[in-house]
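*Asks:* Before I ask anything, let me first share the structure, which is written out below as structure tokens.
The values are calculated or read from the model by the stated rules, or taken from the named source; none is laboratory data. These numbers come from a predicted model, not from an experiment. Using ideal geometry, Cβ is built from the backbone for each residue, glycine included, and neighbour counts are taken over all protein chains shown.
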């Protein structure tokens, strides 16, 4: 039974908009990505837009629309209310898994020929994609951000086509592997391991969407927060002290105690082992010495401990004992009424930064590197080598997750160093990451960066 949509009367001068859909349909073997252009109106609801998309051969129940990396679901809202404007690009993911549709795989295969063909040969033509990017400054800017190597070859049709096809081949290989895994899971629905794998895939999808929201709405969370240091004097010797309100006691390193000429005052009866995140040897305790902060001379006691990269750590015993206030808004330490400035980033001891720089990293978007533990994003030290390198040099570690923020473009191929020794990881872990849409080499690189932790590796890959 057919139903008619209500007729919406518009003024003759109603403003038309043109939007582009980047279609990712994993069930269609002939294509991986397709571009569809639609003419819409600002007062058109999301439900009406779904009907227009359905006319292109994509059933409404299987449509998942993303705008700026955010899933849009409220069909009653208009495009204007959803901040969709002229020239915007939306990502359309077609998901028709058995768990959401209830249609057995065999039935889907029988129904698929009857559906409108989704493959668009022109959309897979590298020259068409290249001309579209050249004609749209926003697309070109997006290409430079997401895939610098491809953007660098935009003025060279032959090189662009080679990079485009090599990247598309890797995407297709990963997509087919993922489809084979999904099909195998659907064929064995009563297997507890298959159900656990499906649950993990759903969870990873939620992780990816959460990460996309964080990158868009809270990008500062991926920056590195520098520690609070201030200049003090111990026994007349100038020391850069770390202010740590989470430390119970004030701690000094043996080398700092030697430099301050108080090592002979250490009471070794207080030796022991400190346990927390790891262990450290406590040499002893200096019961009394003078600590100068600003113009204040304060009595202080220090625990001398090995295994710390910080010379002096001011803990709660001093901060609370002298009623100190940490004013982050003004970047000052206020102690006994006197204000002391915290040190700037350039004045922080280099040893502390070196400890952070030794953190394992993984390749991130645009040539950046991402800390495996802190998640801090570091800018590339040099421009991408893809601008002058031949396309054959593109490594197989390009990840290809369905990112709504980069419609119409293949996954970025990151320049990597030459052969590196690789650890051995189980094929199950590698297959798990490949099942999420990543290449085998990308999965191995992520496992190496995270010490073999599959969940952390997946999270790092989704940032690419």
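*Asks:* Tell me which of these residue 240 doesn't satisfy, since it passes every other one: (1) touching a residue at least 40 places away in the same chain (Cβ under 8 Å); (2) not in a strand (DSSP E or B).
*Replies:* (2)
*Asks:* Mind telling me which of the residues 152, 194, 174 ends up being crowded, with 19+ Cβ neighbours inside 10 Å, at pLDDT below 85, touching a helix residue (DSSP H, G or I) at 6+ places or on another chain (Cβ under 8 Å) and not assigned by TED's automatic domain parsing to the domain that holds residue 443?
*Replies:* Every option except 174 fails the conditions.
*Asks:* Filter region 43-75 down to residues that are in a loop (DSSP other than H, G, I, E, B) and either under 28 Å from residue 175 (Cα atoms) or modelled with pLDDT of 90 or more (or both) and give me whichever is farthest from the chain's Cα centre (by Cα).
*Replies:* In this case the residue turns out to be 55.
*Asks:* Moving on. Can you tell me which of (1) outside any helix (DSSP H, G or I); (2) out of contact with any strand residue (DSSP E or B) (no Cβ under 7 Å at 6 or more places or on another chain); (3) over 26 Å from residue 442 (Cα atoms); (4) touching a residue at least 24 places away in the same chain (Cβ under 8 Å) is the one residue 155 doesn't meet?
*Replies:* Of the numbered conditions (1) outside any helix (DSSP H, G or I); (2) out of contact with any strand residue (DSSP E or B) (no Cβ under 7 Å at 6 or more places or on another chain); (3) over 26 Å from residue 442 (Cα atoms); (4) touching a residue at least 24 places away in the same chain (Cβ under 8 Å), the odd one out for residue 155 is (4).
*Asks:* Still on this structure: Conditions: (1) over 34 Å from the mean Cα position of the chain (by Cα); (2) surrounded by fewer than 16 Cβ atoms within 10 Å (Cβ to Cβ). Residue 302 meets all but one. Number of the miss?
*Replies:* With (1) over 34 Å from the mean Cα position of the chain (by Cα); (2) surrounded by fewer than 16 Cβ atoms within 10 Å (Cβ to Cβ) applied to residue 302, the lone miss is (2).
*Asks:* What are the residues in region 92-111 that are under 18 Å from residue 35 (Cβ atoms) and at pLDDT below 85, if any? Steps first, answer last, please.
*Replies:* Taking region 92-111 as the starting set, the residues that turn out to be under 18 Å from residue 35 (Cβ atoms) are 92-94.
Of everything in region 92-111, those that are under 18 Å from residue 35 (Cβ atoms) and at pLDDT below 85 turn out to be 93, 94.
*Asks:* Here's a check for you: in region 240-251, which residue that is touching a strand residue (DSSP E or B) at 6+ places or on another chain (Cβ under 7 Å) and surrounded by fewer than 20 Cβ atoms within 10 Å (Cβ to Cβ) is modelled with the lowest pLDDT?
*Replies:* So the residue we want is 247.
*Asks:* Among the listed residues 114, 118, identify the single one that is surrounded by fewer than 18 Cβ atoms within 10 Å (Cβ to Cβ), over 28 Å from the mean Cα position of the chain (by Cα) and at pLDDT below 85.
*Replies:* 114 is the lone residue from the list that is surrounded by fewer than 18 Cβ atoms within 10 Å (Cβ to Cβ), over 28 Å from the mean Cα position of the chain (by Cα) and at pLDDT below 85.
*Asks:* Checking residue 202 against (1) at pLDDT 85 or above; (2) part of a helix (DSSP H, G or I), which test does it fail?
*Replies:* The failed condition is (1).
*Asks:* Which of the residues belonging to region 225-253 are more than 20 Å from residue 316 (Cβ to Cβ) and in contact with a helix residue (DSSP H, G or I) (Cβ under 7 Å, 6 or more places away or on another chain)?
*Replies:* Listed by number, the residues that qualify are 226, 237.
*Asks:* If you go through region 2-11 one residue at a time, do you hit one that is modelled with pLDDT of 85 or more and either assigned to a loop (DSSP other than H, G, I, E, B) or surrounded by 13 or more Cβ atoms within 10 Å (Cβ to Cβ) (or both)?
*Replies:* No, every residue in region 2-11 fails to be modelled with pLDDT of 85 or more and either assigned to a loop (DSSP other than H, G, I, E, B) or surrounded by 13 or more Cβ atoms within 10 Å (Cβ to Cβ) (or both).
*Asks:* Could you identify the single residue in 266, 304, 286, 273 that is more than 26 Å from residue 342 (Cα to Cα), touching a helix residue (DSSP H, G or I) at 6+ places or on another chain (Cβ under 8 Å) and without any contact (Cβ under 8 Å) to a residue 60 or more places away in the chain?
*Replies:* 266
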